[in-house]
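Peer 1: If you scroll down you'll find the structure; I have some questions about it.
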Amino acid sequence: MRTADPIQRASWGLEAGKPLFLPANHPSFNDREVQDPDLSVENVNLRVDWQTLRRLPLSGAVVFSFKALFTPMTRFKEEPCIPSLLLKILNEGKESIMKYKGSYHTEHVVKPTLESYERYQAEQGLVTQGWVPQTLDEYPFYPVPRALPGKRAETPDPKWDGPPYNPKDDGPSYNPNDDGPPHNPKDDGPPYNPKDDGPPYNPEHDGPRVESLAAPNQTTGSAPPTTGSFKVTILADSNRDGKVDTAGSTDLAGKETWTEESGALFLANIVDTDRRCSSQITGSCADNLADIFFLGTTLPEKPVLDPKLAENMPMIDFLWRDWFDGLSEGDKATYNEWEKKNNQYWEDYGKVRNVDNRISACHDSSDDILRNSTYLAPLRTTPNPELSDSAIGSITVADKTAASNVRLFHKTAGQWNFISSNYTFKAEALKAGLELGIDGRDVRRPGGWDGRARVEFKVQDGDKVAKDSVELRVAPVLTQHHGQPLKQLLTATGYAGADQQRFIKELGDLSGKAGLQTPVQVIETSNCNKNDEIWAQDFFEPGYMSIPGSDGPVSIHIMIRSAQDYRSAGRKVFQDLRSNTVGAVQHLAGGVTTDSTGNLETVPPYKHNGKSYPAGRAVMGSAGKRPFMMDFLDAQETQAPIDLDTSWLAVKHTDEFMQFLPVESERGWVMMVNDPLAGLEILQKAQKDGHGGEPAVSRPKSPTDGDNKWRVTNTIDQLLNVTDFASFQKSCAEKIEENVNIIKRETGITDAEIIRMPALFQVYQNEAWQYAGDDEPKPLTDEELQRIFGDIWPQTNGEQRRQATRRAGEQQEQQPAKDGSEKQGSVGWHDILEAGTPPQELKNYQPANETARTLEGRQEQGSGGPAISLYPATINSVVLGNRQILAPNPWGPKIEGQDVLAAGVDAAYQKANYTVLYMDDWFTHHKKVGDVHCGSNAIRELTGVEWW
């Protein structure tokens with residue numbers, strides 16, 4: 001090997017972190033065969049090992065050099081083609097080679113990420129639509145970035161071309177004492193020869209050179225700082241201490257790179273000051289929007305019918321046919337063409353004016369007027385008094401997508417002025433230093449804007465130009481947790497029957513008893529979702545955004561609409577809940593019941609396995625398909641959603657069996673979980689003690705029960721004798737334990753921090769309870785039996801008569817109550833599962849309130865099927881302040897004057913030092929497969945929100 005012929009090669013692989021080299025027989029090398037579920041893409045790097053062999057000119061010795069370069073996987077989002085190429089290699093690479101690469105331990109994280117980057121690059125125009133991954137043009141070793149495949153970059157861009165040589169960062173320049181003699185043709189081979197080595201650099205064909213624009217000893221970033229003898233500096237709160245340090249250097253380090261640990265933050269200013277937008281939403285269920293929601297949209301042109309035809313065309317259907325038949329063939333053709341265009345017009349009009357798509361379009365930052373400066377994040381430029389009077393400057397946002405999603409303001413004479421893209425600052429302002437503010441027009445979006453914004457500052461003074469930049473990111477939208485004090489309860493009117501009105505009143509009374517100063521907010525939903533939207537927990541989830549401020553965190557409440565585009569009640573968060581301090585967002589999709597936000601809980605803050613979650617973690621259940629809402633939560637990149645298996649439940653919501661409570665302990669919280677075996681043991685003990693003949697339910701008659709069959713007639717013995725009753729409780733307990741183990745693995749929580757509470761389950765649409773009114777139903781006569789069941793049983797016997805009597809009683813339950821209030825099980829009302837099911841799926845869905853079913857028939861079906869709570873689920877409750885729980889009354893069996901189920905619940909909560917307030921929801925919510933938590937919602941105080 002000649003001195004002039006060094007050998008260089010590169011070997012690549014994917015690494016979790018930045019590990020040192022390990023031989024294949026090292027014990028830690030086995031970690032590559034395991035996929036860590038806690039691994040995040042932020043911790044994955046592309047490792048390139050550059051290896052060179054060089055012969056030294058004097059000694060002739062051969063030197064081997066090795067350097068490992070680690071590139072974060074997240075960098076590839078903005079590098080054209082790279083995600084597609086790497087994904088193709090991972091998916092299609094030769095098995096033996098890929099095994100040698102040892103990338104398996106990262107692929108479960110890397111592949112989905114690369115797929116999302118691939119879609120993003122196509123959507124943003126970073127690659128040509130339809131481009132097929134293939135070997136790229138080499139120039140000379142890699143393609144010139146910022147150009148689509150097959151094209152060259154027009155101008156040098158330091159973001160892609162990298163900074164020039166800097167002795168501070170890159171080490172000393174060539175020194176013959178250390179580095180050996182310069183090129184010597186005698187030893188090193190001939191110099192450049194165009195005949196053998198190819199043509200020299202030609203800017204016409206090869207693209208521009210990248211030349212340094214940096215001043216000596218100036219640390220370079222993505223923007224060349226200077227072309228002269230002066231420099232400029234723009235700063236933000238990059239160290240997240242709540243202020244911008246223009247006098248010192250605390251906000252200088254790392255200001256051009258945003259990471260999870262450092263980098264400036266700003267808010268999406270999507271509140272609605274003075275309800276400017278919300279007040280313009282009207283209609284029966286927020287289904288009418290004023291023109292303010294359609295600014296910037298263009299309506300299609302409405303076609304005009306020939307005036308001669310329009311003048312004589314009747315508006316009454318049966319007259320129109322005769323009129324049309326009497327037209328000439330030419331006029332018929334004219335009319336048909338107009339009708340076709342008119343139908344298209346209304347279709348296009350509907351898309352433009354779609355309420356659900358446009359209802360989030362109006363808020364404080366949807367235009368360029370600053371209505372509330374509280375939510376501006378500060379930016380500052382350092383004073384530059386030595387500038388000449390002719391100096392001019394500009395502030396811009398680098399990326400087109402980011403620029404469309406942020407606003408910049410300049411404060412002069414106490415007033416904030418919007419900075420447009422062509423705004424020019426004069427020398428006087430530049431000399432003094434600029435006071436700036438930034439806010440966002442939107443939040444982080446899955447598959448869209450990730451919230452990053454690079455603000456660039458440029459000053460020109462004569463022929464001298466100086467530049468600087470700072471990187472910021474919009475704060476994530478986070479879900480609240482029970483460690484935050486309760487501020488206000490909310491509920492929904494739904495059909496507004498007498499029993500629902502009683503529920504609302506009792507909720508308000510208990511809210512005051514719990515010490516809440518703000519009264520319960522009642523959301524009007526009587527015209528939403530076929531009048532049955534009483535599930536206030538399910539169509540939105542309260543959240544928040546927060547950034548550091550000079551006097552503590554600056555925060556806003558964010559109401560997150562469920563990802564269920566058919567659920568019209570979700571619009572109410574934009575109409576009823578927004579204010580000067582509250583905003584709302586939506587990530588609409590056709591989500592099913594798992595996208596109901598009753599399925600969204602939050603683990604309080606914790607640390608585990610070297611990772612910290614200062615905002616806690618979101619928890620959602622899935623049943624074979626991941627909820628759409630989890631994509632939105634993932635995009636926030638903060639609360640790392642935990643995926644539970646709720647497929648065993650009919651409604652499939654986490655709040656049916658799990659709850660997190662703040663306590664005074666090292667961890668700061670415990671987990672409550674349902675224990676069906678403990679509930680079963682309570683009933684079995686009562687039976688064993690001779691109380692099997694006691695009623696299984698102790699609920700008394702409510703004033704709103706009216707003539708309904710309100711009384712449950714089952715005894716404890718009858719309930720325990722239901723076929724497979726005990727085995728079904730065991731099956732549910734096993735499913736709960738599987739999910740408990742997931743939480744254990746993800747959080748490190750121990751059995752000592754898990755409190756188990758008695759509960760019982762039954763099969764959905766296979767109810768165990770029998771109902772009666774004030775008097776037992778009379779046996780039906782043969783004539784009545786013949787009239788009701790003649791087509792089923794022409795002849796009846798005693799057993800059939802007994803069953804039919806019960807069937808008739810159940811059938812009578814379907815009739816409207818005399819007082820107009822809703823009857824339990826009445827046809828036409830959706831239960832909580834049906835309310836969270838898309839209409840097109842409901843058409844093929846078996847209704848929950850079937851008629852003519854007997855307990856015996858249900859028993860014969862056994863215990864198979866999805867589970868719902870048998871008694872009102874006390875875990876489906878609201879965590880109040882002052883160590884109180886607001887729960888549905890279980891109305892368990894009363895033994896010697898005590899409700900034995902409620903006693904077990906009280907004892908469980910007492911272990912966490914909580915007391916329970918009970919309220920009745922048997923017919924308002926429990927019979928519809930939900931409970932108090934499902935029928936209410938809670939907004940919590942924005943304290944302890946320093947997630948950064």
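All of the numbers you see were taken from the coordinates with simple rules; none came from a lab. A quick note: this is a predicted structure, and the numbers were derived from the prediction, not measured. Note: ideal-geometry Cβ built from the backbone for every residue, glycine included; neighbour counts use all protein chains shown.
Peer 1: Report, by chain and number, residues whose modeled amide H sits under 5 Å from the one on Arg940, excluding near sequence neighbours (fewer than 5 apart, same chain).
Peer 2: Amide H to amide H, under 5 Å and 5 or more residues apart or across chains, Arg940 pairs with Lys487.
Peer 1: Find the all-direction average of the projected area of the Cα convex hull for region 392-442, expressing the result in square nanometres with one decimal place.
Peer 2: 3.7 nm²
Peer 1: Counting other C-beta atoms within 10 Å, which of Lys255, Lys243, Lys67 has the fewest, and how do the rest follow?
Peer 2: Lys67, Lys243, Lys255
Peer 1: Between region 64-129 and region 696-764, how far is it from one alpha carbon centroid to the other, in angstrom?
Peer 2: The two parts, judged by their Cα centres, are 48 Å apart.
Peer 1: Go ahead and run the numbers for FRET between Arg276 and Ala253, Cβ-Cβ distance against an R0 of 60 Å, rounding to 0.05.
Peer 2: It comes to 0.90.
Peer 1: Another question about this same structure. Return the FRET efficiency for the residue pair Glu337, Leu299: r is the Cβ-Cβ distance, R0 is 22 Å, and the value is rounded to the nearest 0.05.
Peer 2: Once the sixth-power term is evaluated, E becomes 0.55.
Peer 1: Right, something else. Extension gain Arg240-Glu329, at 0.36 nm per residue separation less the Cα-Cα distance, in nm?
Peer 2: My answer for the length gained is 24.5 nm.
Peer 1: Can you list residues whose amide H is under 5 Å from Leu408's amide H, if they're 5+ apart or on another chain and H is modeled 1.01 Å from N?
Peer 2: Ile419
Peer 1: Now, a different point. Provide the gained length on full extension for the span Asn721 to Ser579, in nm with one decimal, where the gain is 0.36 nm per separating residue minus the Cα-Cα distance.
Peer 2: That pair, Asn721 and Ser579, stretches by 45.6 nm at full extension.
Peer 1: Which ³J(HN,Hα) values in Hz, rounded to whole numbers, follow from the phi angles of region 551-556 under the Karplus curve 6.51 cos²θ - 1.76 cosθ + 1.60, where θ = phi - 60° and Gly and Pro get x?
Peer 2: 10, x, x, 9, 9, 9
Peer 1: Just check region 439-559 against the gyration tensor rule for me: Cα atoms, a ≥ b ≥ c as the square roots of the eigenvalues, rounded for a/c under 1.5, and otherwise prolate or oblate depending on whether a/b exceeds b/c.
Peer 2: In terms of gyration-tensor shape, prolate.
Peer 1: Let me know the volume per residue of the alpha-carbon convex hull for region 256-359, in Å³.
Peer 2: In region 256-359, the Cα hull volume divided by residue count equals 205 Å³.
Peer 1: Net charge near Glu753: determine it from the other residues with C-beta under 10 Å of the C-beta of Glu753, scoring Lys and Arg +1 and Asp and Glu -1.
Peer 2: After counting each charged neighbour, the total is 0.
Peer 1: A further question follows. Less than 17 Å from a label point 7 Å out along the Cα-to-Cβ axis of Glu664: which backbone N atoms in region 898-930 qualify, by residue?
Peer 2: 910-915
Peer 1: Answer rounded, prolate or oblate for region 309-381, using the Cα gyration tensor with square roots of eigenvalues a ≥ b ≥ c: rounded when a/c is under 1.5, else prolate when a/b is larger than b/c, else oblate.
Peer 2: Prolate is the answer for region 309-381, as a/c is 1.5 or above and a/b outweighs b/c.
Peer 1: Listed highest first by mean packing, meaning other Cβ atoms within 10 Å per residue, what order do 691-704, 908-921 come in?
Peer 2: Top to bottom by mean Cβ count within 10 Å: 908-921, 691-704.
Peer 1: Shifting gears a bit: If each residue of separation counts as 0.36 nm, what is the full-extension length gain between Lys730 and His608 once their alpha-carbon separation is subtracted?
Peer 2: Contour length minus the Cα-Cα distance gives 40.8 nm.
Peer 1: Follow-up question, since we're still on this one. For Thr424, Thr581, what ranking results if the residue with the fewest other Cβ atoms within 10 Å of its Cβ goes first?
Peer 2: Listed from fewest to most nearby Cβ atoms, that is Thr424, Thr581.
Peer 1: Next question, about the same structure. Hey, rough spin-label estimate for Asp551 and Leu39, points 7 angstrom out along Cα→Cβ, what's it come to in nanometres?
Peer 2: Those two pseudo-labels are separated by 4.8 nm.
Peer 1: Sort all Cα-Cα distances of region 557-637 into consecutive 10 angstrom bins from zero, then give the percent of pairs in each bin up to the one containing the longest distance.
Peer 2: 17, 43, 32, 8, 1
Peer 1: I need the calculated FRET efficiency for the pair Ala310 and Glu841, taking r as the beta carbon distance and R₀ as 56 Å, to the nearest 0.05.
Peer 2: 0.85
Peer 1: Pairs of alpha-carbon atoms within less than 8 angstrom and 6+ residues apart define the contacts here; what relative contact order does region 300-352 have, in percent?
Peer 2: About 57 percent, as a whole number.
Peer 1: Read phi for every residue in region 81-93 and hand back ³J(HN,Hα) as whole Hz from Karplus 6.51 cos²θ - 1.76 cosθ + 1.60, θ = phi - 60°, with x for Gly and Pro.
Peer 2: Values, residue by residue: 6, 4, x, 5, 5, 5, 5, 4, 5, 5, 7, 10, x Hz.
Peer 1: Here is a further query. Which net charge results when you count Lys and Arg as +1 and Asp and Glu as -1 among the other residues whose beta-carbon is under 14 Å from that of His557?
Peer 2: Here the count lands on -1.
Peer 1: Let me ask something else about it. Give me Trp769, Trp346 sorted ascending by neighbouring Cβ count inside 10 Å, so fewest comes first.
Peer 2: Neighbour counts put them in this order, fewest first: Trp346, Trp769.
Peer 1: Which lysines have a Cα less than 28 Å from the Cα of Lys341, not counting those fewer than 8 places away in the same chain?
Peer 2: List returned: Lys302, Lys308, Lys332, Lys351.
Peer 1: How many nm separate the modelled label positions at Gln910 and Ala403, each set 7 Å beyond the Cα in the direction of the Cβ?
Peer 2: 6.7 nm
Peer 1: On to the next question. Indicate the gyration tensor shape class of region 488-528 (rounded, prolate or oblate), computed on the Cα atoms with a ≥ b ≥ c the square roots of the eigenvalues: a/c under 1.5 is rounded; otherwise a/b larger than b/c is prolate and the rest oblate.
Peer 2: Since a/c reaches 1.5 but b/c is at least a/b, the shape of region 488-528 is classed as oblate.
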